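The values are calculated or read from the model by the stated rules, or taken from the named source; none is laboratory data. Bear in mind the structure is a predicted one, so any value in this text is a computation, not a measurement. Cβ sites come from the backbone with ideal geometry, for glycine too, and all protein chains shown count toward neighbours.
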Amino acid sequence: MSNVVPIVDDVYWIGVNDRTTELFEAIWPLPDGVSYNSYLIDDDEVAVIDTVKETHIDSYLQNIKDTLGGRHPDYLIINHIEPDHSGAIKAFKEAFPEIQIVGNQKTMNLLEDFYEIEDNHVVVSDRDTIDLGEHQLNFHLTPMVHWPETMMTYEEKTGTLFSGDAFGGFGTLDGGIFDDEVNIKHYESEIRRYYSNIVGKYSPMVQKAISKLSDLEIEIIASTHGPVWRDNPERIISDYDRWSKQEKEKGVVMVYGSMYGNTQKIVEEIARNLATEGIKNIKVYNISKTHVSHIINDIWKYEGLILGSCTYNMGIFPKMDYLLRILENKNIRNHTLGIFGSYSWSGGAVSRLEEFADNLNYEPVNPTVEIKCSATEEDFADCAELAKNVAQQLKE
Ligand SMILES: Cc1cc2nc3c(=O)[nH]c(=O)nc-3n(C[C@H](O)[C@H](O)[C@H](O)COP(=O)(O)O)c2cc1C
């Protein structure tokens with residue numbers, strides 16, 4: 001049985017599915033696994049575009065043999081050298097010692113430092129071309145989407161953009177590999193989770209890349225993870241455009257840290273009041289229960305963000321601090337922010353939330369609700385006021 005899937009004239013998907021790794025980048029959960037997509041163009045000269053994680057080298061090399069028979073690939077194009085795509089390079093080079101490895105200067109530096117591969121380099125600059133026969137490959141440097149060496153390869157004859165990690169998503173390819181072959185709804189959230197978790201920090205560079213690619217006639221987008229977009233490539237470009245502008249949908253994400261339930265009562269009160277104010281999309285997350293990966297996904301999606309925490313050892317609840325640090329690192333923008341917290345003697349949670357707001361230039365919606373030990377009727381009235389004001393701003 002062959003795992004190779006023809007995409008379009010002489011272009012093949014030769015990727016693999018990873019159904020065993022629990023955490024992507026040792027951080028982000030993979031409940032539905034992930035695919036490492038690699039591609040092969042079978043022309044007078046043969047090009048392979050990106051490889052796979054080293055754990056899958058055997059089935060990967062088998063895919064190449066199944067496609068080429070006894071022939072060998074001539075070029076290996078490295079759009080992105082993060083080890084989930086480059087881990088197989090050493091074994092790949094052992095299997096095909098004459099292979100010419102194509103990348104930009106930054107790729108080559110990393111190739112030497114990671115794998116000590118110093119020969120057969122073909123260094124390309126922005127908009128350079130390699131001619132395979134029928135197919136021409138154009139290279140477009142898109143630095144920091146999301147590593148310094150990231151670039152994209154455009155194949156002229158078929159209009160295929162091999163985009164590296166950009167436009168990719170979590171989730172294995174379970175039989176179908178094209179956007180029109182799978183239930184794309186199943187992948188929607190996993191694609192945005194991938195964006196918000198992995199690429200989102202580099203949104204300004206994504207914007208630059210999108211405008212740089214705007215003069216290409218893109219028929220197919222072939223990323224290194226997730227479905228290949230051949231039916232509606234405009235859809236994923238438009239999603240990336242919105243996400244990288246940090247444009248949001250109507251709705252509120254509430255995230256809280258609570259050990260004994262007093263802070264949770266604040267959450268319930270605010271959530272109920274948001275609902276009575278007409279907010280339909282309300283997502284409440286207990287930071288101790290849901291992995292930050294999924295929470296960040298919804299924070300990237302919705303305009304409203306209400307964060308609250310109990311005080312712990314004079315600071316904020318540690319799991320909430322972890323979320324705040326990630327959000328600060330990702331430079332999240334464009335939210336209507338509300339904050340609340342609890343304490344029993346010194347306080348500490350609310351001041352950290354205020355620092356978070358300051359760091360990201362948010363002006364929290366009034367009032368900030370802070371309870372001592374357990375909420376009073378007055379505190380609940382403040383919750384209603386906060387919900388009303390957040391809802392009001394979302395409607396504007
Ligand atoms: C381990 C632990 C450490 C705490 N540290 C502080 C503290 O340093 N300062 C403070 O004001 N309250 C502190 N508190 C009290 C809680 O922040 C306070 O009781 C809060 O209302 C608990 O909210 P919860 O019921 O949602 O967990 C601590 C509580 C616990 C259990």
Selection from region 169-217 of residues over 18 Å from Val34 (Cβ atoms), over 15 Å from the mean Cα position of the chain (by Cα) and assigned to a helix (DSSP H, G or I) yields Lys185, Lys208, Ala209, Ile210, Ser211, Lys212, Leu213, Ser214, Asp215
Condition first: near the ligand (Cβ under 9 Å from one of its atoms) and assigned to a helix (DSSP H, G or I). Now tell me which residues in region 237-269 satisfy that. Asn262, Thr263, Gln264, Lys265, Ile266
Being within 16 Å of the ligand (Cβ to nearest atom), in contact (Cβ under 8 Å) with a residue 24 or more places away in the chain, out of contact with any Gly (no Cβ under 7 Å at 6 or more places or on another chain) and farther than 27 Å from Asp32 by Cβ is true for just one of Tyr312, Tyr285. Which residue is that? Tyr312
Matching residues, region 65-104, being touching a residue at least 40 places away in the same chain (Cβ under 8 Å), over 22 Å from Leu161 (Cβ atoms) and surrounded by 23 or more Cβ atoms within 10 Å (Cβ to Cβ): Phe92
Residue under evaluation Val284, criteria (1) part of a strand (DSSP E or B); (2) under 30 Å from Met205 (Cα atoms), criterion not met: (2)
Per-region count, region 320-342, residues basic (Lys, Arg) and either touching a Leu at 6+ places or on another chain (Cβ under 9 Å) or part of a loop (DSSP other than H, G, I, E, B) (or both): 1
Being on the phi < 0 side of the Ramachandran plot, in the same structural domain as Ala391 (by TED's automatic domain parsing) and free of Cβ contacts under 8 Å to residues at least 24 places away in the same chain is true for just one of Glu277, Glu234, Glu303, Glu268. Which residue is that? Glu268
Within region 40-61, residues touching a residue at least 60 places away in the same chain (Cβ under 8 Å) and of a type outside the set (D, E, K, R) come out as Ile41, Val46, Ala47, Ile49
State whether the residues of region 333-343 include one that is in contact with a helix residue (DSSP H, G or I) (Cβ under 8 Å, 6 or more places away or on another chain), under 14 Å from Gly257 (Cβ atoms) and of a type in the set (Ser, Thr, Tyr). yes
Got at least one residue in region 162-185 being over 21 Å from Val5 (Cα atoms) and not hydrophobic (A, V, I, L, M, F, W, C)? yes
Region 337-347 - residue that is free of Cβ contacts under 8 Å to residues at least 40 places away in the same chain and surrounded by 19 or more Cβ atoms within 10 Å (Cβ to Cβ) and, of those, farthest from the ligand (Cβ to nearest atom): Leu337
